[in-house]
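The values are calculated or read from the model by the stated rules, or taken from the named source; none is laboratory data. Keep in mind that this is a model prediction, so the values were computed, not measured. Quick reminder, even Gly has a Cβ in these numbers, built from the backbone with ideal geometry, and neighbours come from all protein chains shown.
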Amino acid sequence: MSLRSVLMGTGSALPRRAVPNSEMAQLVDTSDEWIVERTGIRNRYIAGEGETTSTLATEAARKALEAAGIDAADIDLIILATATPDQTFPATATLVQAALGCNGGIAFDVSAVCSGFLYALGVADSMLRTGMAKRALVIGAETFSRILDWDDRTTCVLFGDGAGAVVLEVQDSDAPDAPGILATRLHADGAHNCLLYVDGGPSTTGTVGKVRMKGREVFRHAVTNLADVLREVLDDTGLTAAQIDWVVPHQANARILDATARKLGLPPEKVVVTVDQHANTSAASVPLALDTAVRDGRIRKGQLVMLEAMGGGFTWGASLIRI
Ligand code: ACO
């Protein structure tokens, strides 16, 4: 008997306030034209008073539980990916657990920035298949606006806030076309940690710090690393790019999405794009885009969906799921 982690439901949440490019142009020396041409971003959502990573994560988690038809009380594992926790500790996952009222199981955060959701999904899948838990909430949630340098036009126009969540349940999967996570590959290369980072932290400056990035170099690495990891996952499963129904990429930049799809020979119609509306929401971006395409009916039962992301560290990864 083999076991698979099956995707039971998805959910997402956005802050109340939408901020179009025109508003960014009032803050820094930029324009709607520059932002759209270089990134594809037209809008982002920015957290306001009372909105934190844990409140957005909890809302996304509630919606995912509702879509799955599963009670919070039946969740015995919560893994939350974030680079913007409510507090340095305790883990934001424990705040979500308390808000949902499902205390007693396992709850912790993972830190892999924009790849965080892929890392969380990989860890949850392993824990479910080795019997440590039966039903997991895997969440990506961020309030990146709170670590942006709002005077730096090269970074502040790129990011937004939000959260996405999925419910996974471990099930027997003897049929070859049974649903569930088919393969996941994760990587990190710490040699590049100076290309995308935050210039502070509890143990160095005693402050939270602000996002710093060498955008052009990140771009170059992103396209190569993502194309490579997608090929690895396809090789692991014996499937071809042509058999994939949807790719749900980390929404960093429309040009990275286009270039990666082209490298793999995937038509743009198969790529879920939300970067225009949400901007780069770091760990939240993949589950937010996934939930968007599930709820608007594009992603359906039985389909093959590839998730992929790359972020600071560098970290990167991909996961192939039969819905
Ligand atoms: N508005 C107007 N002009 C700007 C802005 C802005 N917001 N930001 C930078 N510029 C200017 C620069 O100052 C520069 O001017 P100069 O030529 O006079 O010096 C010019 O535009 C070109 O700057 P570049 O940084 O070379 O622009 P590039 O075409 O590389 O685009 C971008 C920048 C959008 C950041 C791109 O490099 C990129 O998308 N990189 C990927 C990084 C990324 O998406 N990171 C997200 C996190 S990591 C991840 O998720 C994969």
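When only residues in segment 1-31 that are part of a helix (DSSP H, G or I) and of a type outside the set (A, V, I, L, M) count, which is nearest to the ligand (Cβ to nearest atom)?
Asn21
Which of the following residues is out of contact with any Asp or Glu (no Cβ under 7 Å at 6 or more places or on another chain) and either within 30 Å of Val294 (Cα to Cα) or surrounded by 19 or more Cβ atoms within 10 Å (Cβ to Cβ) (or both): Thr204, Thr240?
Thr240
Among the residues of segment 235-254, are any within 16 Å of the ligand (Cβ to nearest atom), modelled with pLDDT under 95, farther than 18 Å from Gly164 by Cα and outside the structural domain of Pro85 (by TED's automatic domain parsing)?
yes
Please tell me if Arg295 is surrounded by fewer than 24 Cβ atoms within 10 Å (Cβ to Cβ) and free of Cβ contacts under 8 Å to residues at least 12 places away in the same chain.
For Arg295, the condition - surrounded by fewer than 24 Cβ atoms within 10 Å (Cβ to Cβ) and free of Cβ contacts under 8 Å to residues at least 12 places away in the same chain - is not met.
Counting just the residues of segment 244-301 that are of a type in the set (Ser, Thr, Tyr) and part of a loop (DSSP other than H, G, I, E, B), which one comes out nearest to Gly215 (Cα to Cα)?
Restricting to residues being of a type in the set (Ser, Thr, Tyr) and part of a loop (DSSP other than H, G, I, E, B), the top hit is Thr281.
Looking at segment 1-17, which of the residues that are surrounded by fewer than 15 Cβ atoms within 10 Å (Cβ to Cβ) and not charged (D, E, K, R) is farthest from Ala60 (Cα to Cα)?
It comes out as Met1.
Condition first: in contact (Cβ under 8 Å) with a residue 24 or more places away in the chain, over 26 Å from Met213 (Cβ atoms), touching a Gly at 6+ places or on another chain (Cβ under 7 Å) and of a type in the set (Asp, Glu). Can you find one or more residues in segment 71-92 that meet it?
Yes: one or more hits.
Could you give every pair whose Cβ atoms fall below 6 Å, whose first residue belongs to segment 18-38 and is closer than 17 Å to Ala254 by Cα and modelled with pLDDT of 95 or more, and whose second residue is more than 10 Å from the ligand (Cβ to nearest atom) and among the small types (Gly, Ala, Ser), counting only separations of at least 6 or pairs across chains?
As it stands, the answer is Asp32/Ser22, since those pairs meet every condition given.
From Val218, Val208, Val229, Val223, which residue is in contact with a Leu (Cβ under 6 Å, 6 or more places away or on another chain), in the same structural domain as Gly302 (by TED's automatic domain parsing) and at negative phi?
Val218
Tell me, please, whether a residue that is of a type in the set (D, E, K, R) and either under 19 Å from Tyr119 (Cα atoms) or outside the structural domain of Ala284 (by TED's automatic domain parsing) (or both) can be found in segment 153-166.
There is at least one residue in segment 153-166 that is of a type in the set (D, E, K, R) and either under 19 Å from Tyr119 (Cα atoms) or outside the structural domain of Ala284 (by TED's automatic domain parsing) (or both).
Only one of (1) touching a residue at least 12 places away in the same chain (Cβ under 8 Å); (2) more than 13 Å from the ligand (Cβ to nearest atom) is not met by Pro267, so which one is it?
Condition (1) is where Pro267 drops out.
What single numbered condition from (1) part of a helix (DSSP H, G or I); (2) within 16 Å of the ligand (Cβ to nearest atom) fails to hold for Ala83?
Of (1) part of a helix (DSSP H, G or I); (2) within 16 Å of the ligand (Cβ to nearest atom), only one is false for Ala83: (1).
Being touching a residue at least 40 places away in the same chain (Cβ under 8 Å), in contact with a Leu (Cβ under 8 Å, 6 or more places away or on another chain) and under 22 Å from Ile244 (Cα atoms): is that true of Val166 here?
yes
Assuming Trp34 fulfils every condition listed in (1) within 16 Å of the ligand (Cβ to nearest atom); (2) part of a loop (DSSP other than H, G, I, E, B); (3) among the aromatic types (Phe, Trp, Tyr) apart from one, which condition is it?
Of the numbered conditions (1) within 16 Å of the ligand (Cβ to nearest atom); (2) part of a loop (DSSP other than H, G, I, E, B); (3) among the aromatic types (Phe, Trp, Tyr), the odd one out for Trp34 is (2).
Residues that are modelled with pLDDT of 95 or more and more than 16 Å from the ligand (Cβ to nearest atom): which helices (runs of 4 or more DSSP H) entirely in segment 86-205 hold 2 or more of them?
Answer list for segment 86-205: 92-100, 116-129.
Looking only at segment 302-313, how many residues end up being more than 16 Å from the ligand (Cβ to nearest atom) and in a loop (DSSP other than H, G, I, E, B)?
Of the residues in that region, 2 qualify.
Here's a check for you: in segment 80-125, which residue that is hydroxyl-bearing (Ser, Thr, Tyr) and closer than 25 Å to Arg322 by Cβ is nearest to the chain's Cα centre (by Cα)?
Step by step, filter segment 80-125, then rank; the result is Ser115.
Results for (1) of a type in the set (A, V, I, L, M, F, W, C); (2) touching a strand residue (DSSP E or B) at 6+ places or on another chain (Cβ under 6 Å); (3) closer than 24 Å to Asn21 by Cβ, shown as yes or no for each residue.
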| site | (1), (2), (3) |
| --- | --- |
| Asp276 | no, no, yes |
| Asn280 | no, yes, yes |
| Ile299 | yes, yes, no |
| Ser319 | no, yes, no |
